[in-house]
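This report concerns only the one structure given below.
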Amino acid sequence: MNAQKELLRVEHIRKYFAIHRKYGNPKGNYLRAVHDVSFTINEGEVLGLVGESGCGKATLGRTILKLHSVTAGDIYFKGENIVNYGFKKMLPIRRDMQMIFQDPFASLNPRMTIEKIIRAPLDTFKIGEPRYRRDHVAEMLKKVGLNADHMNKFPHEMSGGQRQRVVIARAMISNPSFVVCDEPVSALDVSVRAQVLNLMKDMQQELGTAYLFVSHDLSTVRYICNRIAVMYLGHIVEIADADELFNNPKHPYTKALLSAIPVPDVDQKRQRIILQGDVPSPMNPPAGCAFSTRCPLAGSKCEQLHPDLVACGAPGHYVACFWPE
Amino acid sequence: MSEHLLKVENLGINFINGKDNRVNAVHDVSFELSRGEILGIVGESGCGKSVTATSLLRLLPKGSSELSKGSSIKLNGRELTTLTDKEFREVRGKEISMIFQEPMTSLNPVHTIGRQMMEMVMAHNKISRKNAFEICVEMLEKVGIPESRQRMGEYPFQLSGGMRQRVMIAMALSCNPSLLVADEPTTALDVTIQAQILELILEIKQNLGTAIILITHDMGVVAETTDKVMVMYAGEIVEYDGVKEIFHHPMHPYTIGLMNSIPRLNQTTERLATIEGTVPDLNCMPSGCRFANRCPYCTDRCREAAPPLVQLGGNRRVRCWRVGETQEVSAR
């Protein structure tokens, strides 16, 4: 692995969605999906992005690939600031950054054969000579655990796990250096999930690809990621190496999140932190710390000021909290 | 034993698919449940866990599904399968009630919470609107909804997912049923909200003594909330025992595979164990063991004849020909 070489740097990125004035929103407010997020990903690294639904994790993933327009901030990919690149200028870069979507039932065109689907990136980016592309597809299918017979099939003839393998093959065939994986295994059954996770890990190690692995499932993230960022209501509240985050969580939200996960172990009776209430609306977030409305430690400072990410404890461990423990 | 609250025997469910095409979705399911117990049913999608549970409330579509011969469901010693539909309406909601997976779609969006809850209470009890209202307010309070009096006049869209699931639970409990069937009650919710709802379910069990059937595919939820576990695969029970016994000592190869394929939180795993292949199609079930094509311990005998559910020592029941041998393998 090509350690410590920076691949992607995101600086103060924001993504606001405008809400139509008509729908109970006379002031013309914005929905703040991603609010001032910065982080880096090194080459060959897997960064996990976890959080509950609506925290902006998927939006962040898509915004980095510029599938959403960026409201503010900078994205440096291999040293280039790609924020203001238009469609044409993005095209050669897209070969290097791909995406694996959540729902394999929705992300494959039902009218295209598997060969056509996986071949599409080769045709778009003009990789290899056309007559060899079919062999290239067959080779890729083998790598993801399918075989050449599947080439002439349609997506509906395959099971969920097989379809997700096709999605992975499509993302990996242009040999990208960065892939955003948006909940790639949430739609799959447990036994199939393990197969796909192993495949993703193998591919990552073989090709040295960097992943941004978006998921709500912390145990999956722990299995596949080197580093983990926890998001809450559009902010990153904590970021650290995987082992460090699990063994030594500092943000009260991370702690609650870790303790809330049911553990498949009948002997372990853990002290569980149960958070009261629900996540506030991103249309009307709290003035201070986003977590202050549910935080057991919140004081008046938390309600007024917004904490920044600061280094805390082990190297590479950053927390956005006034009272990190 | 007559002390069991619910006793299901040889339950089989067929779906009618055209004239002479019957698809067997659930086969030979038997279990029993006592008061204040939580039974977890686990399995992958399509294994028949939801169909089994829905059939207890007779909610399966009538023309296109049927119970197979010899199926018996006894609640408090009373046979439910022979009741007429009219008689069954007295049971459904009052003695057995159900919580569904999607709190977003299981509440009627055009009626207030109060109206939906009161309808149920008034259908089963001869009481005035005013009393019904009070009962519902009390139920909402019990499930932890603040300002419940005001909530009664609100519509489902005004509540969050967790709150809606609480309303569903309150509604299901409003007639004080002896059995509650919860079909993946937390799957659509976030982990922190899931923790709140599971806590509530445990409280209900303790305070009201309701027996609960909890359907889930999350082994973590099973380990933390249930007393007994039934593992289903392709429409059959493959293993059944107390939760501790199953987790300490899984015997069926499918259960073993399932346990090994979950990523753990408290340890780093180099590589997950997998169960190769996929679940067989309901239309063409193998004649032998239904797990045979994915089983690492499969022999010729497994492919030829379907194994029976064998009762072992304790409460353990396992459906596997090689049960003694796999036991040694799993002990590692």
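The values are calculated or read from the model by the stated rules, or taken from the named source; none is laboratory data. What you see is a predicted model, and the numbers here were worked out from it, not measured in a lab. In this analysis, Cβ positions are derived from the backbone assuming ideal geometry, glycine residues included, and neighbour counts consider all displayed protein chains. Ligands, DNA and RNA are excluded from the accessible area calculation, which covers all protein heavy atoms including side chains. Shrake-Rupley method; radii C 1.70, N 1.55, O 1.52, S 1.80 Å.
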Kindly establish whether A:S107 is touching a residue at least 12 places away in the same chain (Cβ under 8 Å) and in a strand (DSSP E or B). no
Residues to consider are A:L218, A:L199; find the one that is among the aliphatic types (A, V, I, L, M), under 25 Å from A:P121 (Cα atoms) and out of contact with any His (no Cβ under 8 Å at 6 or more places or on another chain). A:L199
So the check is Cβ under 6 Å with 6+ separation or different chains; which pairs have a first residue in the stretch A:170-181 that's under 14 Å from A:L65 (Cβ atoms) and a second one that's among the basic types (K, R)? A:S174/A:R95
Would you say A:A314 is open to solvent by 20 Å² or more (accessible area, probe 1.4 Å), more than 9 Å from chain B (Cβ to nearest Cβ), in contact with an Asp or Glu (Cβ under 7 Å, 6 or more places away or on another chain) and of a type outside the set (S, T, N, Q)? yes
Please verify whether A:L141 is buried (at least 20 other Cβ atoms within 10 Å of the Cβ), out of contact with any Leu (no Cβ under 6 Å at 6 or more places or on another chain) and within 14 Å of chain B (Cβ to nearest Cβ), treating the condition exactly as stated. no
Against the definition (touching a helix residue (DSSP H, G or I) at 6+ places or on another chain (Cβ under 7 Å), at pLDDT 90 or above and charged (D, E, K, R)), how does A:K250 come out, yes or no? no
Within the stretch B:115-148, take every residue that is modelled with pLDDT of 90 or more and of a type in the set (D, E, K, R) and give me the one that is most open to solvent (accessible area, probe 1.4 Å). B:K126
So, restricting to helices (runs of 4 or more DSSP H) that lie completely within the stretch A:190-263, which ones have at least 2 residues that are open to solvent by 20 Å² or more (accessible area, probe 1.4 Å) and of a type in the set (D, E, K, R)? A:190-207, A:242-247
Hits in the stretch A:103-130 - residues which are farther than 19 Å from A:L141 by Cα and either surrounded by 20 or more Cβ atoms within 10 Å (Cβ to Cβ) or of a type in the set (A, V, I, L, M) (or both): A:A106
Look at B:V8 and say whether it is within 26 Å of A:S159 (Cβ to Cβ) and at pLDDT 90 or above. no
Options B:N260, B:N283; residue that is of a type outside the set (G, A, S), more than 10 Å from every other protein chain (Cβ to nearest Cβ) and farther than 30 Å from B:C175 by Cβ: B:N283
Name the residue that is farthest from B:L189 (Cα to Cα), counting only residues in the stretch A:274-290 that are away from chain B (no Cβ under 11 Å) and touching a Leu at 6+ places or on another chain (Cβ under 8 Å). A:G288
Among the numbered conditions (1) touching a Lys or Arg at 6+ places or on another chain (Cβ under 9 Å); (2) open to solvent by 20 Å² or more (accessible area, probe 1.4 Å); (3) modelled with pLDDT of 90 or more; (4) not small (G, A, S), tell me where B:I16 comes up short. (3)
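Yes or no, residue by residue, for (1) modelled with pLDDT under 90; (2) open to solvent by 50 Å² or more (accessible area, probe 1.4 Å); (3) not β-branched (V, I, T):
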site	(1), (2), (3)
B:N108	no, yes, yes
B:I113	no, no, no
B:M163	yes, no, yes
B:V167	no, no, no
B:L179	no, no, yes
Look at A:S281 and say whether it is of a type in the set (G, A, S), modelled with pLDDT under 90 and part of a loop (DSSP other than H, G, I, E, B). yes
Which number in (1) at the interface with chain A (Cβ under 9 Å from one of its Cβ atoms); (2) open to solvent by less than 30 Å² (accessible area, probe 1.4 Å) marks the one condition that B:V323 misses? (1)
Determine which single condition A:M112 fails, assuming it passes every other condition in (1) more than 22 Å from A:F77 (Cβ to Cβ); (2) more than 14 Å from every other protein chain (Cβ to nearest Cβ); (3) assigned to a helix (DSSP H, G or I). (3)
Reported set for the stretch A:51-100 where residues are among the charged types (D, E, K, R), buried (at least 16 other Cβ atoms within 10 Å of the Cβ) and in contact (Cβ under 8 Å) with a residue 40 or more places away in the chain is A:E52, A:K57, A:R62, A:K78, A:R95, A:D96
Exactly one condition in (1) surrounded by 23 or more Cβ atoms within 10 Å (Cβ to Cβ); (2) in a helix (DSSP H, G or I); (3) of a type in the set (F, W, Y) is not met by B:Y240; state its number. (2)
Working only within the stretch B:224-233, note down all residues that are touching a helix residue (DSSP H, G or I) at 6+ places or on another chain (Cβ under 6 Å) and among the aliphatic types (A, V, I, L, M). B:V229, B:V231, B:M232
Could you list all residues from the stretch A:159-184 that are in a loop (DSSP other than H, G, I, E, B) and either touching a strand residue (DSSP E or B) at 6+ places or on another chain (Cβ under 7 Å) or within 10 Å of chain B (Cβ to nearest Cβ) (or both)? A:S159, A:S174, A:P176, A:S177, A:E183, A:P184
How do the pairs read when you match residues in the stretch A:247-273 that are at the interface with chain B (Cβ under 7 Å from one of its Cβ atoms) and touching a residue at least 12 places away in the same chain (Cβ under 8 Å) with residues anywhere that are crowded, with 21+ Cβ neighbours inside 10 Å and hydroxyl-bearing (S, T, Y), using Cβ under 7 Å and keeping only pairs 6 or more apart or on different chains? A:A256/B:T192; A:L257/B:T192; A:A260/B:T192
Counted residues, the stretch B:201-219 - those being part of a strand (DSSP E or B) and either within 13 Å of another protein chain (Cβ to nearest Cβ) or of a type in the set (V, I, T) (or both): 5
Residue under question is B:N260, and the condition is that it be out of contact with any helix residue (DSSP H, G or I) (no Cβ under 6 Å at 6 or more places or on another chain) and closer than 26 Å to B:T54 by Cα; does it hold? no
Quick one: A:G288 ticks every box in (1) in a loop (DSSP other than H, G, I, E, B); (2) open to solvent by 10 Å² or more (accessible area, probe 1.4 Å); (3) not hydroxyl-bearing (S, T, Y) except a single one, so which number is it? (2)
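One line per residue, one yes/no per condition, for (1) under 14 Å from the mean Cα position of the chain (by Cα); (2) facing another protein chain (nearest Cβ under 7 Å):
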| site | (1), (2) |
| --- | --- |
| B:V221 | yes, yes |
| B:E224 | no, yes |
| B:M232 | yes, no |
| B:V238 | no, no |
| B:D241 | no, no |
| B:I246 | no, no |
| B:H249 | no, no |
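Per-residue answers, yes or no, for (1) surrounded by 22 or more Cβ atoms within 10 Å (Cβ to Cβ); (2) not in a helix (DSSP H, G or I):
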{"site": "B:V221", "(1), (2)": "yes, no"}
{"site": "B:M230", "(1), (2)": "yes, yes"}
{"site": "B:T255", "(1), (2)": "yes, no"}
{"site": "B:L258", "(1), (2)": "yes, no"}
{"site": "B:I262", "(1), (2)": "yes, yes"}
{"site": "B:E270", "(1), (2)": "no, yes"}
{"site": "B:G288", "(1), (2)": "no, yes"}
{"site": "B:C298", "(1), (2)": "no, yes"}
{"site": "B:R303", "(1), (2)": "no, no"}
